[in-house]
Each structure stands twice: as C-alpha cells, then as structure tokens.
Amino acid sequence: MKQNLCLFLLMFLSISVFGQETGFKGIVVDGTSGKPLPNVHIVVRDQNIYTRTDKEGVFQVIKNDLGDFVIDLIHPAYSNLITGAHSKSGEIHDFGILSLMPNIDDLNVTYTYVDESQMNDEDGSSQTIGNLLSSADDVYLKAASFNFSAMRYSLRGYNQEYTSTYINGVAFNDGERGRFNFSMLGGMNSLFKNKDIVRNTEVSGFGYGDIGGASNIISKASGFAKGSRASIAATNRSYVLRGTVNVASGLLPSGWAFNGGLIYRWSEEGAWDGTFYNSFGYYLGAEKIFNENHSLSLITFGAPGQRGQNSAVTQEAIDLHGDIYYNPYWGYQDGKKRNSRVVSSYDPTVILSYEWTIDENQKLKAGLGSHYNRYSSTALGFYNAVDPRPDYYRNMPSFLGDPEYMDDITLNLYNNMADTWANDPSKSQIDWDMLYQANHANNQVNPNGTAKYVVEERHNNLFETNLNLTYLGKFNRLKVTGGLEGKYSKGMHYKTMNDLLGGNQWIDVDQFSERDFPNNDNIIQNDINNPNRVIKEGDKFGYNYNMHIKKASIFAQNEWNWRNLDLYYAAKATYYSFQREGLMDNGRSLFFRELFDNMRPSTFRSYGKGKETYFITPSFKAGLAYKFDGRNRISANVLAESRAPLANNSYVSQRIMDRQISNLKAEQILSYDVSYEFKYRRVRGRLTAFQTNFKDCAETNGYYDDTYQTFINQTLSGIEKRYRGVEAAATVRLTSMFSLTAAGSYGEYMYTSNAISIISSENGSLEQEVGAENISSLVDVARTKGLYTNNGPQLVSSLALNFNGPKMWFAEIKASYFDRSYLDFSPSRITDSAYEKYKNAISQVTSGNYNSDIPASVILDNIVALQQQEKLPNGVLVDVSFGKVIYLKNRTQSLNINVNANNVLNNTKMITGGYQQGRIPVNSDDKSLDINNLGKYPNKYYYAQGFNFFVNVGYKF
Amino acid sequence: MKSLNKILLASVSFILAFSSCQYEDKFDELPAQKYDPLQDNIEATMTCKEMRDLYIGNAQYLLTENSHSNNYAKMFNVSAIPENAEAIIRGIVVSTDVDGNTYKKIVIRDEKDGSGLDISIDASGLSAFWPQGQRVAINAAGLHIGDYANFPALGYQTYNRKRDRYEVGRLPFTIAKDHIKALGLPDTLLSQPEEVTIDEIMNNKEYYYSRLVKIKNVQFGYYMTSSTNPTPNHFQNNNIKLIDDIAQYDSDGDLIPDDENDDIPPFSIENDLNVPVSRAIKDANGKTTNVTTSFYAKFAAKKLKRGRHDVVAIVAWYKDKGSSSGNIQLLIQKFSDITPTTVQPETK
C-alpha cells in the first residue's frame, strides 16, 4: 500500500514537473485596423526579460517565478501599452488580444537656431528596448527634451560632445569637434524618433555611454508601419512651411521592408529679420530579415539646404531697432533683402547595419556608416575699406559715450546718430548698393588691385567613416556587452570667393599683416608658394588645411541582476590621434619659424603634414541599484576617465600653422550621481543628485587686442570645472484623462580654478615686439575661478497639465521657469594684465586724479561691469498645445491635427546666449583704461523668440 | 498606384521648389552708377574757400572759442554751420588713405576755384567710397567747421580732455554718409596735382591749404639738433642735412646699399609723442619745407630717397600753440607719388 502510494505520488509529481509550464502569452494587433502587429517589443519590467511578436503578432514567454509582473509593449509607430498580471505556477497567463493605438505625430519641433552649433531639429520622444532601467518614460528626460529647449537648456550643463549619439548602432559624434550634427537628420522627425536613450552614465545596451548620456536612433525599414503619411505644417519660426511625405511597405512576407521619406522646409523670411530657409530632405531605407537570426538594414539620407543667419546683437541695437528681431547680417540690394551670412549644408549619410541573433541569449550587431558633411558659411570681407558692419561699434551712438554725461553739442550728435540709425536701413543694415559702387570705383582707380568688398565662403567639410561592432550576451543573471569602434575623419577647411560684388579680383594677401609689416612681402602672403595670387569667384584662398583624425575604442560591460539588486561595471580604452595637413604655406608661419629659429621647424609648419599627436585614454564606470520592490528603486553611478582633447581645441591657430597648445593634456573627468525612482499606478518620478569634476581642460579664444593693436589667439589651459546639481520630476495621473507633470533641475556649473592664459598674435607682431627670448611674458593668469559655464539655464522648472480625452482629443498647457543663465565671458577681460589696468583706473578715480564728467561712483560701477560675467534675466514661458485625430474611411485612414502655441505670453526678455566681447576700452596713447567710454564694447545677446506656433495636419493613408 | 503618383508628384514639387529657390541665383551684380551730368542737379552754393571764410572765426557762428589762457587752445576754434544753411560745396577728392599717411579724413578740391578743404571722418578705409578722383557734393548744413591747430577742417565738435580744448573732431561715418554724396565713378584725371614751388607755397600758405601739389626737383633731407649731436630730430630745425650728402661708402671704400645704411633715416619712426615725423625737402632754388609722415603709413619704414625727385603731396599746416611758429606739412598720399626727376638741375 505504502509503495503504491509512493509510486502514485512520484507519478503525480512527475506530471506536475514535466507537464505544467509557467509564463504568459498574447496577440498584439493594430488598434485601428485589427491587423496583427509583428516586431512589437515586449519588455518585462525589472526582470531582464524581453521578446518580440512574430509575424502573426503572437508572443509567448515561458518563465517561472514571475510573480507580480508588468510588461511594456513598444513599437515605434504606436503608443506604448503597459499591462500586467500575477503569474501562477503551472499556468500560462493569456493576455488575449492587446491593441496598440497608432502614434500621434510628435510635433514638438524644438526651437531651431540658425547658428550651426545649436541646430537641433529633433523631437525628444524616447523609448527603450530591452533596457533594464526602463528609462523609456523617464519623466525628467521627457520634460528636458520638450519644455526647456527654447532656452537652449543642456542636460546637466555639459557641452554637446559629452553626449553620444548613434544611428542604428553606429557612433556619429564627429571626430573633430566631438559633436553630433543634428541638422543631418533634415528635420525628418518621424523617421528618427525611435530611440534608445541612456540616462547619463547608466548602463547602455549599444555602446559604452557618456556622462551626458547616450542615444541610439533606431531607423530601420521594418520598424515603420505599412502605409503612407503626408503632412503639411505652418509655423512662424526659422521656416514658415513644412511638407513631408513618408511611405513604408511594412515587413513583407518576403522578409523585405522598404521605406522612404521626403521633407521640404521653406521661408522667404524667418522670425529674425533678413533670415530665410530653404531645405529639402530625403530618406531611403531597405531591410532584409533573412530569418529570426539575421537581418541587414541599409539606410541613406541627406538634407541639402540653405539658410540665412542672424547674429548676437547689443542691447543698444535692439533698443534702437525697437524689437529683439534685429539682425545686422542683411541689407537691401536693389530693393530685395540680401543676407551676408548664408549657411549651405548637406551631409549625405549611408548606414549599413547587420544584426545576428546568435541564439536566444546572444546577439552581435555590426554597423558601418559613412557621411560627407559639406558645410559652408558666407561672410563679408573687406580690404582697405570702411568696416561694412552696420552694428560696428563706431557706427553706434554709444561710441560717443554715455548720453547722461554729455555736453549739449555731443548729445545733439548722439541723438542724430540714434535717429538716423534707427530709421534708415542703409545705416542699420548692410548697404549693398554702396559696397558694389565702391568696387566699381576701385576698378577705375586700381583695376589690378584687390576689390574693396567681397563675400567669402568659409568651408568646414568633414568626411567620416565609422565602424561599430557590439556584442550582447545574457548568461543567467549576467548580461555581457562589449564593443569595438573605429572612426576615420578628414576635416577639410578652406575659403572660397563667393561673390566679388562687382570687383575685378581679390589678391590673396593678409591686410592686417600688411598693416603691421608693410615692407615684408613674405609675411603678408597667405600662400608663399603662390604669392599675390589673383582670386576670382570660386577660387580657394586665405587658408586651406585638412585635419586627419583616427579614433578607435574597445569596451566591455558586465551587468548583474538579482531580485533586489542590479550591479554593473564597465571599462573602455580609446585611441585618438590627429594630424594637421596644410595645403598652403602661410607667410606668418614662415615669420614665426624665422623668429624662433631654435625651435623644431614642425612647431610652426604651415605646409604639409604636421605633428601627429595621439592619446590613449581609459574610462571606468560602475553602478549599483537597489530595488525595494517593483515600484521603488535607488541607484548610484560613478565614472572616472581620461579624455583626449579634441583636434578642434588643440591648436593655437590651425588655419595658418601646425602650432599646438603648449602642454596639451587629456582631460580628467570624475562623475557620480545618486537617484531615487518610484513608479506607482498613478504617480511616478525621480530625484537625482549629481556631480562631475573636470580637470586639465583647455579652451581657445580669438579677439582684437587694443593694447597690442593686433588680432590675438588666446589659449587657456589647466582649467578645472565642476558641474553639480539636483534633478527632480514627477507625473501624477489625476484622472483617466488628466495628468500633471512637474520637473526641474537646480545646477551649479562653474569653473573651480584659475587658468593659464597664453596669448599669441596671429601675425607674429607681438612675438617680434617682445622677442623670442621673452616669450614667457605672454603667459598670464586668467581668473576663471568662480565663473559659470554658459550652456543654458542652470535652474529650470516646469509644470504641465496634460489632457488625453475621448475621441482622440489631447491638449496640454505648461509653464516653465528659467534662471541662473550666464553669459559667455571673455578670458581677455579677466587676466592679471587686465586687472592691472582696472586697478590703476580704480586707484586714479578713488584718489580724485582723473579727468571726466562722469561721477566717480558710476565709473567705478562701469569698471566692475567690464570684468564681470553677466547673469541673464530669469523668466517664465507658457506653452499651449492641442490636437485631435480623426479617423476616416472605416479607420483605414486618419487625419491628425496638431496645434502648438509657444511662449503665448510673448515674453521677449529671455536671453538664450551670446558673449562678452574680447576688446577692452583703452586710451590710444598710453593704453590705460578709457574711463570715459567703458561701455564701448558691450555684451552681445541672442534672444528667445516671442510668441511662436506650429500647426500641423497629417494624413495617414 | 494612385498613392504612388501622389508621392511622386510631391517629390517632384519639393525638388523643384528647392532648386528654384537657390539663394545665389536671386542677386544679380549691380551695375556701376556712372556720372551723368544731365542727372546731376546738385548745385554748389559756395566754394570751399567761401565756406572757410564765412564760418571760421566768425562770431555769428562761433560755437566754441577756446580760452586764450590755454596756450594750446588758441589755435583751435569751432563754428556751427546752421542746419538750415545753404552750405553745399562740390569738389574732387584729392586724398587717399590707402597708403596710410592720410588717416580718417578726406580732402577735396573745389570744382569751381580749386580751393581745398579737409573733412574729418571717424573711419578708416574712406577711400573705398571716396577715392582720389571721386566727384562729391557735400551738404555741410548742421556740421561744424573750424581751425584745428590753426588749419581748417570740417567735422563735428569734440572735447579733447587731455588738452582741455574743444576741437573740430571727426564726424561719425553714419552721419558723414548722409552729408557726402558720391557722384558717379572716380576719374584720376580730375585729381591731378598743380605744379608749384616751395616758395609759392610759403608765400601764400592759406591759398594752398588742402591742395594737391607737385613740387619738382627736390632733394630729401633731415634735421640735426646741433652739429655736436647728429641724431636726427623729428622737428624742423634750420640745420638740415641732405640725404645725398650722407657718406655712402664703408671704411673699405665699398658702396653701402641705402637699405643697409643706418645713417639714412626712414620717412617716419615711432616716437613717444606719437606724432608724425617731418623730413626736409629742398628744391633747386634752395628753398626748404617738410614732408610729414605718420608712423602708420605703409612707407614709413622706407628710407628717404637719394637724388632728385618730384613729390606730389597735399598741403597742410600745423600750429597747435600760439608760441609756435607753425609748420607747413606736405602729406604724401602714395609712395608712388615720389618719382625721380627727369630733368637734372644745372646747379646743386
């Protein structure tokens, strides 16, 4: 009996063990058409489990011990779905049919500045796939992308080169400046909206990551739902009209998928006077999914375009003009507005990416990307002629001094100047007619000489090829990621003659050297091998050099996941080298070589390949996260690394010679942060404290020095900076339709040490004056300690009320507050030499030994203002958006209407950036501080646009 | 298929729109504005000399007369030309700032009587808009005119804090643009110098003020402070040493090239007073006067020339204090204006 019972029990247990599975399954369909959705990613939160739906939209996961679990269903063309269940042992929970609703086009086009370094036309929606931290819906990151972009906010204040951007797993931060060229995406937001985003130094599934975070834009043909979409938008920003067309085949039964897109953006005149926009973009994608293990994707895209720029301007110019949209870069030519600063850009890109799912636990990804960025910007040039800039300081009434302390006669002149400048476009804008006439006149009196005025075109092209290999493996609780990266970049920099403005020719010599060395025919040559070369339109002149950059890195990362604890650690080694190749032998470099004849010739080499400099730098990072339960989590991350200086920041004057910054060093970075996150049904959010320390940084600066009366290149080295602050965000679902989101950050991003300043004259006149043996006299201290960085507001906060209503209505109103923005300071104003001038002037004034009608107290205030870093105004911006999706033809087509109204209060007092001028007002005779005209070189500003809107109508068919 | 057609249409439209809007295609070269006497309806209401005579020192228009107790100030006064005055002059520009000896001013020769006038303007590179040979009309109403160091100039009053005096200062360029109109293209045939002798200039200085003159057959020289101190002096002194008299052979009897001969001074040198440097010229009649060159002129470092030359220059006068005797200053406009004399003198 007992034996039979034991046998029965054994059999029962056997059946239980071998016949009962635990897990979950379901089918995902398009919520509008009911069709099955393949390639929908299913992520089990906090459990390192993910899968994809098959061609029939079916998914299944077999797993014991799931317990209470939550799953995210994610597809780039659809809104996320979150659901969950309680797993019972021996049961496969059936979710049944889960419907995903098509995405509403995200139309929060971030504000576009026509300055190339700020060109950012991407939207900020973020999704993660397989990221165990699920920062897909990080409340703070979303707010930072959408709410703060109008004020050019930078996450944690870092420069853009500290954030890594990938496209289909290929790294696209350029080798020369370390930045990602957002304008290469051509504004085709919907084709590049799907991203893996890694928050700051946290663990990444596609690369090592960076202190500013990383994102991998995933743009493959299979990721786009079948169908066509067209949209038309009207706006009043840098462009006024936008049209897009996107087509996708979806994943075909053959395993192929194709997609394509076109975009056109245009304005005759943008928000700023005299600006314009004309840009066309294309995209083609093809993907072959051979089977469940292999897929190959090829995409190519590009966006040739032209746009007219606007400039930072003084407050005086804005006040005289009457609004913040003053732009000195344009003028009337024959009754038409002509902009002198036209940017032409085209960055065609091709990316081939291959994915091999080795088995259910291992993946290998390879990507090869190549692009050729053609970028140029025009500018007025002039020779032995009146400065054509309408806002040149001598053309402004403030040049006469402070009107409050003027005699009546001078005040009368001041008012005349103000009046004529404000009301006559031939004064406040470029007088093109007069420039042409000057050249025609010159053709008469000096037919073989240089034209007086020209439009030159400065080219900064970059050809780059990138290779990335990434391995991902899961072994029980261990996830291994490793990768190799290789990059070759060739920067090509030169000027061409864009328009001779009626002149006969331009002679390729440097006029400033001509002024300082009138009897030296060599030094004035831009190319000694072609002296006094006659330049016609289209010819290269001025300077011509290439920068060859090679970069390679290898990294490995381990992640451990336990029930309550996650741990990761990673290391990377990077090789980075750069070498200048001069294609012209500049006369000034010859002068330097002769002056410093005991130095190695290559130090001042101009023509040919210069010194190849390389760095091998390590990086280490680690992080720990403790999960109290499925809803509360605390984490900490640390990163320590050495980072090579970028090629662009390593030379004193790379346009003319190979001379590098002395004592060039790798930057040292130490970064750490601590976060608390919570996710409940109705409320979720995050609180983070962070700090990053930089050491051994270098910066370069160029300006005209009135004391030495020549153009100066100033390098700062030994810079130390500290970025620290807190980030907080929470979103509360008030009802099924309303949610409230609050987000903010308080930061303190500043220089924590003084820097070593070394000045060098562009044409050697200063070095000649002091003598090669006294070159150390050009070394100074720049009092940078305590100054702030200038990467946007260091205090940001927003409150947004969001409505998602029935019948596909949605709306949002939000208010954002910005503070702690600081203007870019000029190092020339804070050297010990400059302070010597201030000290002497203060002493003179306080002792009463000065000659001025301006009261002493005012002069003293002005001296302080001269050396101070300006804090920019704080303020509030309010934005409203609403829209609706209308389904047509039995839900097979849809129309979505989206209206964004930004800065509805038309706050035109917000300054987004600008700079302090490098010149210091001095007396012409003894170079002491000119206390009677301390406001001669005021700060220049970029303002945030007032009320602006974006109305988009999209049609899906 | 219909969808594909629509997409193709959109593509073609985008491409066409983009291509047709290329920026450089939108702006044609502007033609030169040539001088057309039939279109020229600006009439001069006075000559340069009449303007000088009417306003300078005239109590009716005097804006500021500096205190006579200030030795420097006596030579500086400013008159205001009324805003409703009929004060239009016409002339040909005879100056050029290309070589840097003329700085922040233009000098015109009156179309009617050849009298000259300096116009002070606060900008470099003025010859781009108003080169030598450029016909201009100037409406001086609302501007200021006066003696600057005892020499007439048109500009705007400014206060020289260092010297404690009101002066005719430089017009801001934006204001000058409103008052000076260029008529057509320049013609250097219109700005040819008049031949004069040093004697003629010295005997009729005011007549020659701001005129472009040619003095033929001169030798360059410089000034000695005393026979025991042969260092060249900046300023005029009766003791002149001619360049031709400077020994040009070294101790071995070899010819020293001028460029290597340290005894030959350059046209100008940097000095603590930051003033232009005067050098002598002596004509065939033994009469002397000065050429005055700024240190910032392109030819400042060039050595004074040996031999006999013809010199073209603008006549200026400088007397900044009552106790000074004042100097004629001939301002060479272009280094190429110094040309070897073709006719050799019979006697030295």
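Any read-out appearing in this document is the output of simple, stated calculations on the displayed coordinates, not a laboratory observation. Owing to the predicted nature of the structure, the values given are computational and were not obtained by experimental measurement. Reconstructed Cβ throughout: ideal geometry from the backbone, glycine too, with neighbour counts over all protein chains shown.
From the helices alone, meaning DSSP H stretches of at least four residues, give me the mean residue ellipticity at 222 nm for chain B, per-run term -39500 (n - 2.57), in deg cm²/dmol to the nearest 500. Here the helix-only value at 222 nm equals -3500 deg cm²/dmol. Report summary: the helix-based calculation at 222 nm, which adds -39500 (n - 2.57) for every DSSP H run with n ≥ 4 and divides by the residues of chain A, gives -3500 deg cm²/dmol. Taking 7 Å steps out from each Cα toward its Cβ at A:Val864 and B:Ser323 produces label points 4.5 nm apart.
About the centre of its Cα atoms, the protein assembly as shown shows a dipole size close to 5500 debye [charges on the beta carbon of Lys, Arg (+1) and Asp, Glu (-1) only; nearest 20 debye].
Between 0 and 90 degrees, the angle of helix A:432-445 with respect to the longest Cα principal axis of chain A falls at about 50 degrees.
Each residue of the stretch B:93-106 was assigned a 3J(HN,Hα) from its phi angle through the Karplus curve 6.51 cos²θ - 1.76 cosθ + 1.60 (θ = phi - 60°); the sequence is 6, 10, 9, 8, 9, 4, 8, x, 7, 8, 9, 6, 7, 10 Hz, with glycine and proline shown as x. With each label modelled as a point 7 angstrom along the Cα→C-beta vector, the A:Phe957-A:Thr465 pair spans 4.3 nm. Averaging the Cα positions of each part gives two centres, and for the stretch B:19-86 and the stretch A:470-506 these lie 56 Å apart. Since only A:Asn713, A:Val858, A:Asn637 are under comparison, the one whose Cα sits farthest along the positive direction of the charge dipole of the protein assembly as shown, derived from C-beta charges on Lys, Arg, Asp and Glu, is A:Asn637. Projecting the Cα atoms of A:Gly23, B:Ala301, A:Phe628 onto the charge dipole of the protein assembly as shown (Cβ charges, centred on the Cα centre) puts A:Gly23 farthest toward the positive pole. Per-residue 3J(HN,Hα) values for the stretch B:149-163, derived from phi via the Karplus relation 6.51 cos²θ - 1.76 cosθ + 1.60 with θ = phi - 60°, read 6, 6, 10, x, 8, 9, x, 8, 4, 9, 9, 8, 5, 5, 9 Hz in sequence order (x marks Gly and Pro). First check a/c for the stretch B:48-191, with a ≥ b ≥ c the square roots of the eigenvalues of its C-alpha gyration tensor; if it is under 1.5, answer rounded, and if not, answer prolate when a/b is larger than b/c or oblate otherwise. It is prolate, given that a/c is not under 1.5 and a/b is the larger ratio. Pairs over the 26 Å Cα-Cα cut-off, from the set A:Lys490/A:Lys695; A:Lys550/A:Lys785; A:Lys142/A:Lys884; A:Lys25/A:Lys193: A:Lys490/A:Lys695; A:Lys550/A:Lys785; A:Lys25/A:Lys193. Counting only alpha carbon atoms, the long axis of helix B:2-20 and the longest principal axis of chain B meet at about 20°. Shape class for the stretch A:186-249, computed from the alpha carbon gyration tensor (a ≥ b ≥ c): oblate, with a/c not under 1.5 and a/b at or below b/c. For the listed residue pairs A:Lys220/A:Lys956; A:Lys814/A:Lys871; B:Lys105/B:Lys319; B:Lys177/B:Lys216; B:Lys162/B:Lys214; A:Lys363/A:Lys609, the alpha carbons are over 30 angstrom apart in B:Lys177/B:Lys216; B:Lys162/B:Lys214; A:Lys363/A:Lys609. Listing A:Tyr326, A:Tyr704 from fewest to most neighbouring C-beta atoms within 10 Å gives A:Tyr704, A:Tyr326. Angle of helix A:832-846 to the longest C-alpha principal axis of chain A, folded into 0 to 90 degrees and rounded to 10: 60°.
Listing A:Ser894, A:Ser279 from fewest to most neighbouring C-beta atoms within 10 Å gives A:Ser894, A:Ser279. Note on A:Ser924 and B:Asp258: with the Förster distance fixed at 35 Å, the Cβ-Cβ geometry gives a FRET efficiency of about 0.60. Placing a label point 7 Å from the Cα of A:Val779 along the Cα-to-Cβ direction, the residues of the stretch A:642-664 with a backbone N closer than 12 Å are A:662-663. Since only A:Phe382, A:Gly483, A:Gln429 are under comparison, the one whose Cα sits farthest along the positive direction of the charge dipole of the stretch A:377-484, derived from C-beta charges on Lys, Arg, Asp and Glu, is A:Gly483. Here the contact order of the stretch A:897-957, divided by its residue count and restricted to Cα pairs under 8 Å and six or more residues apart, works out to 54 percent.
Only the Cβ atoms of Lys and Arg (+1) and of Asp and Glu (-1) were treated as charged; on that basis the dipole of the stretch A:23-100 about its Cα centre amounts to roughly 140 debye. Bridges between two residues of the protein assembly as shown, per DSSP, are antiparallel at a rate of about 95%. For chain B, a crude dipole built from +1 on the beta carbon of Lys and Arg and -1 on the beta carbon of Asp and Glu, taken about the Cα centre, is about 740 debye to the nearest 20. For the stretch B:255-267, the Karplus equation 6.51 cos²θ - 1.76 cosθ + 1.60, evaluated at θ = phi - 60°, returns couplings of 5, 8, x, 3, 5, 9, 8, 5, 6, 8, x, x, 4 Hz by residue, with Gly and Pro reported as x. Out of every Cα-Cα pair that the stretch B:267-310 contains, those further apart than 14 angstrom amount to 51 percent.
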